[in-house]
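Peer 1: Pasting in a structure now, in structure tokens, and then I'll have a few things to ask.
The values are calculated or read from the model by the stated rules, or taken from the named source; none is laboratory data. Computed from a predicted structure; not experimentally measured. Here the Cβ positions follow ideal geometry from the backbone for every residue, glycine too, while neighbour counts run over all protein chains shown. Surface areas here come from the heavy atoms of the whole protein model, side chains and all, with no ligands, DNA or RNA. Shrake-Rupley method; radii C 1.70, N 1.55, O 1.52, S 1.80 Å.
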Amino acid sequence: MTPEELKRQEDSARDIIDALARLSRHTQAPPHFAATVMAQAEQSPPPHRGLRAWFRLWLQWPASPGLHLATVAFVILALCGAVPQYTAWINAYRLDVPSEAIHEAQVQERLWHKNFACATQLDHNSHNYAAIAGERVSVVVWTCPSGDVLVTLESPDQRSRERYVWLELSHHRTAQGFLMPWVRQAFAEDLRPGTPLLTAQAARVLCQKWLPNRMIKRRVQLANGQCRDEIINPRDGTVVERRGAPCDPGC
Amino acid sequence: MVYDAVLLIHIATSGNYMVMKQARQEHDDDLIRSAIVDGDFRRALEVLVRTYQHVVVGFCVNMLGKTEQGEEVAQEVFLAAYKALPHFRQQSSVRTWLFAIARKQCLQTLRNRLRRQRLDQVQQDVIAEAVHRQPSAPLGEDPETLFVRVQQSLHTLDKAERALLMMRYDTGLSIADIAHILGISVASVRRHLAQALRNLREKMHYDA
């Protein structure tokens, strides 16, 4: 109903409305009313402001509509501004990495997808393969036609392959061409000058596949002829599981 | 003190009773709000009772149709308001908040009463008391006669319609305030008000 329609109704009942307006003027509270109320209030336990009421008190919307609008706008802006953070937290949970490592994890996973076929062909007999061993670390390099390089960091006794790291580069280079300047620089403390490249760090990938849980299963043949299955987390390059396997390409 | 000085100057220059009354009420509402924020609920109740006792008693008496019961329920209204002071969210005026409590208490009392008595007996009692409270008026359409008829017919209305008419035209709450109390839209309040006015007029013509 519009205000005009109500006003028409009220105008036609103006005398009745005037009578209604006089209803309470004929009635007054008795003289003792206030004292009676205060005495009864005194007998009852004082009202208690619980934690919820305190919280609400300090978060009350301002009474003025303008301030109310400004407050709502501010809250909406703050919530929208935090969306990238929420996205980061969700991605961190989804990728199972710390929130500050999300970007790198996404890059690594993308490079595994991009160079998956190339990584399956890793073979120490190829010119795309190079390895160098130091006191505390061995570095294996495998270059791909895309220009990207898979760097494997492993302990010298090869009992545990520690980390796979993809490097996204602009153009293809040979393994030796990449390994010599860059790796020596990166691992200067572990690689004595003159440390030769090792081709005997034999490794050959027999097969490789994606698992339903977004991990990579890889069967590798080592220098001693034995084979091993590795479950790799493509987001941080760690080998989460390794176990002996038959030397056949049946991942 | 500064506020009181400003108030007095305003009263002196305007000479308007309603303006004075409203300014005084706003001043008291501010006192109540600041007492609530400070946690001094007893002081808030003192100011609340001092400011609103007459209008709340009038509302309850006219809602229930009985002076003694109306005064008792008015006391219960203030005690209920006292308990609810910590939770007063100040989204509405003190007046609106208080009359929401008063309406609820009065309607509950009427529901309890109706459970115990037959409706027609209740109406007869209420009308009888309403007539007793007012001096008998000569026949005709003079304002006093009309007032008595309005008062009698009001108590034959549905209690929700009665409360609505009293909140709007007796207490002077705005339509927006009433919408806030009832939790309905402003357009719905207008519609219900118009219906209540029509029903009251029908009752009056029927009674006449």
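For every residue, the table says whether it meets (1) outside any strand (DSSP E or B); (2) loosely packed, with under 14 Cβ neighbours inside 10 Å; (3) in contact with a Gly (Cβ under 9 Å, 6 or more places away or on another chain).
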position	(1), (2), (3)
A:L79	yes, yes, no
A:T87	yes, yes, no
A:I90	yes, yes, no
A:Y93	yes, yes, no
A:A101	yes, no, no
A:L111	yes, no, no
A:I132	no, no, no
A:L150	no, no, no
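Results for (1) at pLDDT 90 or above; (2) polar (S, T, N, Q); (3) touching a strand residue (DSSP E or B) at 6+ places or on another chain (Cβ under 9 Å); (4) part of a helix (DSSP H, G or I), shown as yes or no for each residue.
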position: A:Q9; (1), (2), (3), (4): no, yes, no, yes
position: A:D15; (1), (2), (3), (4): no, no, no, yes
position: A:L20; (1), (2), (3), (4): no, no, no, yes
position: A:T36; (1), (2), (3), (4): yes, yes, no, yes
position: A:H48; (1), (2), (3), (4): no, no, no, no
position: A:L57; (1), (2), (3), (4): no, no, no, yes
position: A:Q60; (1), (2), (3), (4): no, yes, no, no
position: A:A63; (1), (2), (3), (4): no, no, no, no
position: A:L67; (1), (2), (3), (4): no, no, no, yes
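Peer 1: A follow-up question, please. Report yes if B:A187 is facing chain A (nearest Cβ under 10 Å) and part of a helix (DSSP H, G or I), otherwise no. Spell out how you get there, then give the answer.
Peer 2: Values: facing chain A (nearest Cβ under 10 Å): yes; part of a helix (DSSP H, G or I): yes.
Considered against the rule, which asks whether it is facing chain A (nearest Cβ under 10 Å) and part of a helix (DSSP H, G or I), B:A187 comes out as yes.
Peer 1: Would you pick out the residues in region A:1-14 that are facing chain B (nearest Cβ under 7 Å) and open to solvent by 80 Å² or more (accessible area, probe 1.4 Å)?
Peer 2: Within region A:1-14, none qualify.
Peer 1: Does region B:25-47 hold any residues that are open to solvent by less than 10 Å² (accessible area, probe 1.4 Å) and within 9 Å of another protein chain (Cβ to nearest Cβ), and which are they?
Peer 2: B:I36, B:L45
Peer 1: Also, quick follow-up: Since B:Q151 meets every condition but one in (1) surrounded by 14 or more Cβ atoms within 10 Å (Cβ to Cβ); (2) under 20 Å from A:D15 (Cβ atoms); (3) modelled with pLDDT under 60, which condition does it not meet?
Peer 2: Status for B:Q151: all satisfied but (3).
Peer 1: Among residues belonging to region A:22-34 that are in a helix (DSSP H, G or I) and open to solvent by 20 Å² or more (accessible area, probe 1.4 Å), point out the one that is farthest from B:T51 (Cα to Cα).
Peer 2: Taking region A:22-34 and keeping what is in a helix (DSSP H, G or I), we get A:24-26, A:33-34.
If we keep only those that are open to solvent by 20 Å² or more (accessible area, probe 1.4 Å) as well, we get A:25-26, A:34.
On the way: A:R25: 15, A:H26: 17, A:A34: 10 Å.
Filtering region A:22-34 for residues that are in a helix (DSSP H, G or I) and open to solvent by 20 Å² or more (accessible area, probe 1.4 Å), the one farthest from B:T51 (Cα to Cα) comes out as A:H26.
Peer 1: Taking into account only those residues within region B:159-174 that are surrounded by fewer than 17 Cβ atoms within 10 Å (Cβ to Cβ) and at pLDDT 90 or above, which is nearest to the other protein chains (Cβ to nearest Cβ)?
Peer 2: Within region B:159-174, the first condition is being surrounded by fewer than 17 Cβ atoms within 10 Å (Cβ to Cβ), and the residues that meet it are B:160, B:172, B:174.
Narrowing further to those that are at pLDDT 90 or above: B:160, B:174.
Numbers: B:A160: 16, B:S174: 12 Å.
Selected residue: B:S174.
Peer 1: So, of the residues in region B:49-65 that are surrounded by fewer than 23 Cβ atoms within 10 Å (Cβ to Cβ) and out of contact with any Ser or Thr (no Cβ under 8 Å at 6 or more places or on another chain), which turns out to be nearest to the other protein chains (Cβ to nearest Cβ)?
Peer 2: Ranking the candidates gives B:Q53 first.
Peer 1: Within region A:75-88, is even one residue in contact (Cβ under 8 Å) with a residue 12 or more places away in the chain and over 26 Å from A:D229 (Cβ atoms)? Talk me through it step by step, then tell me what you get.
Peer 2: Filtering region A:75-88 for residues in contact (Cβ under 8 Å) with a residue 12 or more places away in the chain gives A:88.
Pick out the ones that are also over 26 Å from A:D229 (Cβ atoms) and you get A:88.
Yes.
Peer 1: Please state which one of B:Q91, B:Q69, B:Q105 is open to solvent by 30 Å² or more (accessible area, probe 1.4 Å), part of a loop (DSSP other than H, G, I, E, B) and more than 16 Å from B:D28 (Cα to Cα). Show your work before the answer.
Peer 2: On the way: B:Q69 fails: part of a loop (DSSP other than H, G, I, E, B); B:Q105 fails: part of a loop (DSSP other than H, G, I, E, B).
Only one candidate passes the filter, namely B:Q91.
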